[in-house]
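The values are calculated or read from the model by the stated rules, or taken from the named source; none is laboratory data. Quick caveat: nothing in here was measured; it's all calculated off a predicted structure. Cβ coordinates were reconstructed from backbone atoms using ideal geometry, including for glycine residues, and neighbour counts include every protein chain displayed. Only protein heavy atoms, including side chains, enter the accessible area calculation; ligands, DNA and RNA are left aside. Shrake-Rupley method; radii C 1.70, N 1.55, O 1.52, S 1.80 Å.
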Amino acid sequence: MVFYDKLYVSPEIPNPRKVRKDLMRGKGHLTIYVLLLARGPQGRPQLEIMHCANLQTAYYKVHPPFIVGIAEGRADAIDMVKRITEESFRMTGQWNAAQYLASRTAFENQRGE
């Protein structure tokens, strides 16, 4: 599991450091959702919203996810994507939040799956 160095964290999460440690240890949280930066069609970056329990599947043990955000609930995760998209537009003039994040991280240098 790889975390973005400027991780987006919901203000409703009282102790993000603990949640992050719990995710690394495989401990679940009922209401925690993560935002992943993943490779989509043709290797293009895309943002995905996923419940943290899905991180315990065999796939993510072999292919460590690149986590860019931690949210309290699905609605909060959707709001977080909206905020990132608005930030992307302000900074680049483009609405492509995933490409914006990929350009700010080591994600572009990671091998495609």
Point to revise | Every residue from segment 1-18 that is open to solvent by 100 Å² or more (accessible area, probe 1.4 Å) and either in contact with a Pro (Cβ under 9 Å, 6 or more places away or on another chain) or in a strand (DSSP E or B) (or both) | key: Asp5, Lys6
Review point. Residues that are loosely packed, with under 14 Cβ neighbours inside 10 Å: which helices (runs of 4 or more DSSP H) entirely in segment 31-113 hold 2 or more of them?
Key: 58-62, 74-92
Review point. Which pairs have Cβ atoms under 6 Å, sit 6 or more apart or on different chains, and link a residue in segment 87-105 that is in contact (Cβ under 8 Å) with a residue 24 or more places away in the chain to one that is assigned to a helix (DSSP H, G or I) and surrounded by fewer than 21 Cβ atoms within 10 Å (Cβ to Cβ)?
Key: Ala97/Ile84; Ala97/Thr85; Ala97/Ser88; Ala102/Glu108
Revision key, fill the gap. Of (1) touching a Pro at 6+ places or on another chain (Cβ under 6 Å); (2) at pLDDT below 95, His29 fails just (1)
Review point. Quick check: anything in segment 1-11 among the hydroxyl-bearing types (Ser, Thr, Tyr), under 24 Å from Ala102 (Cβ atoms), in contact with a Phe, Trp or Tyr (Cβ under 8 Å, 6 or more places away or on another chain) and touching a residue at least 60 places away in the same chain (Cβ under 8 Å)?
Key: yes
Check your understanding: Hey, does segment 34-48 have a residue that's touching a Pro at 6+ places or on another chain (Cβ under 7 Å) and not aliphatic (A, V, I, L, M)?
Key -> yes
